[in-house]
Amino acid sequence: MLAPDQAPVPRAMIEITRVAKTYRTKDGDVPSLRPIDLSIADGEFVVVVGPSGCGKTTLLRMIAGLMAPSEGRIRVGDRVVMKPHSDVGIVFQSALLLPWRTVLANVMMPVEVKRLPRAEYLPRAEALLSMAGLAGFESKHPWQLSGGMQQRVAICRALVHDPKILLMDEPFGALDAMTRERMNAELQRIQLETKKTAFLITHSIPEAVFLADRIVVLSERPGSIAAIYEVPIPRPRKLDVLGSPEFVRLTQTIRAHFKALID
Amino acid sequence: MRGLQMIVGAPWLKPLIFLVLLIVLWDFTIRIFHIPPYQVPAPVDVMVTLWQEWPRLLSEAVPTTIATVYGFLLSAAFGIPVAMLIASSRTVESYVYPLLVFSQSIPKVAIAPLFVVWFGFGMLPKVLAAFLLGFFPVVVSAVQGFKSVEPELLDLARSMEASRLQIFRMVSLPYAMPAIFSGLKVSITLAVVGAVVGEFVGSNSGIGYVLQRSIGNFELPTMFAALVVLAMIGVILFWILDLIERLVIPWHASQRQDLLVAA
Ligand SMILES: Nc1ncnc2c1ncn2[C@@H]1O[C@H](COP(=O)(O)OP(=O)(O)OP(=O)(O)O)[C@@H](O)[C@H]1O
Ligand SMILES: [Mg+2]
């Protein structure tokens with residue numbers, strides 16, 4: 001596609017090349033992801049949607065270096081991913097906060113693990129918490145917080161060491177619709193303010209359209225890329241775009257992919 | 001009215017009320033069925049003996065308590081590391097765990113005399129007997145605790161590039177703490193039994209020795225008084241351990257209520 005003599009394009013932040021995954025289990029091989037190619041630019045917000053079991057989490061875990069692909073390779077920054085690397089912060093489906101740590105100590109965990117200078121990162125952790133609307137909760141324990149607040153703490157923890165990339169696996173799946181919309185707005189603000197590259201998995205198509213620069217639709221297991229949509233609505237978006245014609249049209253187009261699966 | 005309710009609601013009072021009830025029942029049973037005092041002494045006789053022999057019983061309780069505590073400390077000091085090894089390596093588990101379970105089927109009461117043969121009369125055989133009885137519950141609970149760590153939490157730590165030692169210190173060990181403590185609580189009560197068994201077979205001091213001699217002489221009130229002292233040793237040690245647990249893992253669910261009140 002690109003002419004060789006073209007001016008140097010900015011290299012992608014994440015480059016996924018022919019990556020496939022087959023789980024080897026006692027009962028035989030489980031092909032989970034067919035070879036896929038995807039490149040994600042620096043600062044881009046990519047959202048992945050797809051039917052349950054199509055390999056979304058698998059893809060995220062491979063990008064994080066928690067698991068090796070069966071085929072192909074993943075490059076993050078200018079390194080090929082072989083093991084967990086410091087350029088990512090991950091938010092899992094559940095908040096996964098440590099109950100014996102306070103909110104602040106939970107957010108500081110990556111700093112401790114990586115032995116970064118505490119004095120330098122402590123103000124940063126506090127700033128992140130207040131940005132997430134959690135000022136005053138620093139010394140509380142996770143179980144004294146609501147589900148939505150816990151998930152916000154998890155997002156702060158993923159950002160504290162200032163990774164280039166934010167990986168999120170259905171981070172708001174357990175939240176009610178209203179909290180979820182508010183969290184979406186907050187996530188968008190945080191991502192734009194910190195200029196992170198974001199990779200988010202969701203089952204909610206409106207969430208995908210609201211947040212994404214690009215939406216990747218995966219097909220059923222073993223997943224492959226069924227379509228990629230650019231979201232033409234300029235960011236930052238307000239929550240009222242949820243009713244706009246462009247928004248509705250795009251959600252319907254994406255929903256059609258899954259309708260076809262059901263019929 | 002409220003004051004009365006508070007006294008009745010006090011947590012230490014309920015088992016006491018129950019105990020008094022049991023003692024009354026004991027007294028009635030003896031009277032109704034005319035059980036002779038050389039089979040079961042009356043509660044009053046036991047209490048009188050307890051009162052009269054208190055100084056002697058107390059001084060005999062000292063070696064028993066010391067043997068129990070040493071045996072218990074040994075089971076914790078060996079049990080927890082052994083559990084760590086078993087939980088961290090499949091190989092170690094497959095070699096060691098079945099043997100450990102097998103060894104539990106050997107009645108320790110039967111091998112206690114062997115300790116006397118090896119180590120003579122004195123502290124050591126008692127401590128070893130207490131250790132033998134206390135060891136297994138610590139291992140079983142701790143293994144279960146280490147193994148029940150959520151795999152996602154381990155992934156989270158791995159994604160921060162945590163070393164094995166860091167994962168153990170920051171995630172696995174605190175996560176296993178509640179299970180370890182429940183094992184320790186079983187262990188300390190069994191260690192009391194172990195110490196007494198040790199005194200049965202080879203000692204001329206301690207509550208176990210008093211028990212054995214009073215049975216031999218048909219001094220049933222003394223024997224029952226010794227049992228009461230023994231139970232008190234168990235309860236007090238258990239209670240101390242409970243207190244330590246509250247200090248070490250104040251975040252644990254079973255203790256949260258207090259913390260909430262304190263906060
Ligand atoms: N550890 C594993 N061993 C064997 N098979 C696995 C394992 N993990 C996942 N799979 C299989 O791989 C497929 C993809 O799993 P994955 O968790 O990536 O799906 P997903 O798209 O995240 O689904 P969901 O939306 O339900 O979270 C599933 O069909 C599952 O059966
Ligand atoms: Mg998933």
How many of the residues in the range B:185-220 are hydroxyl-bearing (S, T, Y) and either without any contact (Cβ under 8 Å) to a residue 12 or more places away in the chain or open to solvent by 10 Å² or more (accessible area, probe 1.4 Å) (or both)? 4
From the set of residues in the range A:47-71 that are within 14 Å of chain B (Cβ to nearest Cβ) and more than 16 Å from ligand 2 (Cβ to nearest atom), which is most open to solvent (accessible area, probe 1.4 Å)? A:A68
Scope the range B:233-246; condition closer than 17 Å to B:W54 by Cβ and either surrounded by 18 or more Cβ atoms within 10 Å (Cβ to Cβ) or touching a residue at least 40 places away in the same chain (Cβ under 8 Å) (or both); matching residues: B:I233
Hits in the range B:97-122 (condition: open to solvent by 70 Å² or more (accessible area, probe 1.4 Å), assigned to a helix (DSSP H, G or I) and closer than 27 Å to B:I180 by Cβ): B:P98, B:L99, B:V101, B:F102, B:V109
All conditions in (1) in contact with a Pro (Cβ under 6 Å, 6 or more places away or on another chain); (2) open to solvent by less than 60 Å² (accessible area, probe 1.4 Å) are true of B:M223 except (1)
Select from the range A:12-46 the residues that are away from ligand 1 (no atom under 13 Å from the Cβ) and buried (at least 20 other Cβ atoms within 10 Å of the Cβ) and write down the one among them that is nearest to the other protein chains (Cβ to nearest Cβ). A:I14
Where B:G134 falls short, out of the listed (1) closer than 21 Å to B:G183 by Cβ; (2) open to solvent by 50 Å² or more (accessible area, probe 1.4 Å): (2)
Conditions first: (1) within 16 Å of ligand 1 (Cβ to nearest atom); (2) under 14 Å from the mean Cα position of the chain (by Cα); (3) within 10 Å of chain B (Cβ to nearest Cβ). A:G89 passes all but one, so which condition is the exception? (1)
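Please find, within the range B:146-158, the residue that is farthest from the other protein chains (Cβ to nearest Cβ) out of those that are outside any loop (DSSP other than H, G, I, E, B) and surrounded by fewer than 24 Cβ atoms within 10 Å (Cβ to Cβ).
B:K147
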Taking first residues from the range B:159-172 that are facing chain A (nearest Cβ under 7 Å) and second residues anywhere that are assigned to a loop (DSSP other than H, G, I, E, B) and among the polar types (S, T, N, Q), the pairs with Cβ under 7 Å that are 6 or more apart or on different chains are B:E161/A:S86
Scan of the range A:24-40 for residues that are over 14 Å from the mean Cα position of the chain (by Cα) and in contact (Cβ under 8 Å) with a residue 24 or more places away in the chain, ordered by number: A:P31, A:S32, A:L33, A:R34, A:P35, A:I36, A:D37, A:L38, A:S39
Scan the range B:79-90 and give yes if some residue there is within 14 Å of chain A (Cβ to nearest Cβ), closer than 30 Å to A:A158 by Cβ, part of a helix (DSSP H, G or I) and open to solvent by 60 Å² or more (accessible area, probe 1.4 Å), otherwise no. no
Residue under question is B:F135, and the condition is that it be over 28 Å from B:P55 (Cβ atoms), within 14 Å of another protein chain (Cβ to nearest Cβ) and among the aromatic types (F, W, Y); does it hold? no
Can you name the residue in the range A:47-57 that is closer than 12 Å to A:V217 by Cβ and of a type in the set (V, I, T) and is also farthest from ligand 1 (Cβ to nearest atom) among such residues? A:V47
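The values are calculated or read from the model by the stated rules, or taken from the named source; none is laboratory data. These figures come from a predicted structure and were not determined experimentally. Positions of Cβ are backbone-derived with ideal geometry, glycine not excepted, and every protein chain shown enters the neighbour counts. With ligands, DNA and RNA removed, areas are computed over all heavy atoms of the protein, side chains included. Shrake-Rupley method; radii C 1.70, N 1.55, O 1.52, S 1.80 Å.
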